[in-house]
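Worksheet for the structure shown next.
Values quoted throughout were computed directly from the atomic coordinates according to the rules given, and no laboratory measurement underlies them. The shown structure was predicted, so the numbers you read here are calculated from the model rather than taken from an experiment. Cβ sites come from the backbone with ideal geometry, for glycine too, and all protein chains shown count toward neighbours.
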């Protein structure tokens with residue numbers, strides 16, 4: 001079906017119900033992609049993970065009998081992507097981050113969403129998860145700002161063995177009249193690149209950004 005075909009080439013962590021810890025255990029037994037998981041013996045995974053093992057095999061095959069619930073407006077929008085193997089190449093890392101930032105900004109545009117927080121997710125070997133976020137003074141819709149902030153928040157991780165990256169916008173607003181200018185913002189407690197981001201945003205707001 002369409003779902004299993006879509007999941008087949010993706011990292012196994014893209015399958016619903018598979019988090020970083022489970023993904024690590026699956027890789028140890030040779031299951032690295034959604035296709036690998038779909039082809040796995042449910043009984044074998046059931047012996048390892050219990051009922052959850054059989055369930056994630058069904059999800060990988062596109063078999064999901066959960067009730068469909070009405071979808072309201074999202075509270076956040078995100079995009080994640082895993083490398084086949086962990087990479088320490090800063091250029092590969094930044095290129096992937098730029099693509100994710102562009103995808104998230106484009107999705108926000110399609111949803112007519114403004115965002116007041118921009119964040120990243122970084123998974124490094126051995127599957128350590130870190131998040132960083134930056135709060136703006138008000139909702140905006142600006143792809144260049146998503147790219148700039150995500151790049152600066154990622155600065156402390158550049159060159160680390162990165163397995164997976166994610167970019168997220170949150171604190172969403174769907175009223176275009178609420179949009180703020182790009183100049184001012186305040187940092188969240190976990191935004192460790194505060195000073196560098198401030199300098200970049202000051203330049204960006206003056207029209208002299210990159």
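Which distance in nm do the two modelled labels at residue 89 and residue 112 give, with both placed 7 Å along the Cα-to-Cβ direction?
4.2 nm
Take the Cα coordinates of the stretch 2-60, assign each an equal point scatterer, and use the Debye formula without solvent to give log10 I(q)/I(0) at q = 0.16, 0.18 Å⁻¹.
Taking Cα atoms of the stretch 2-60 as identical point scatterers yields -0.37, -0.48.
How are the alpha carbon pair distances in the stretch 1-142 distributed across 10 Å bins from zero to the largest one, expressed in percent?
10, 33, 33, 20, 4, 0
Relative contact order for the stretch 2-60: what is it in percent, counting Cα pairs under 8 Å that are at least 6 residues apart?
39 percent
Tell me the label-point distance for the pair residue 99, residue 39, using the 7 Å Cα-to-Cβ offset, in nm and rounded to one decimal.
2.3 nm
Could you bin all the Cα-Cα distances of the stretch 61-176 into 5 Å bins starting at 0 and give me the percent of pairs in each, rounded to whole numbers?
Bins of 5 Å from zero give 2, 12, 22, 20, 15, 13, 10, 5, 1 percent of pairs.
Give me Rg/Rg_expected for the stretch 72-132, where Rg uses Cα atoms only and Rg_expected = 2.2 N^0.38 Å with N residues. Show your work: numbers first, answer last.
Numbers: Rg = 13.2 Å, N = 61, 2.2 N^0.38 = 10.5 Å.
Here the answer is 1.26, to two decimals.
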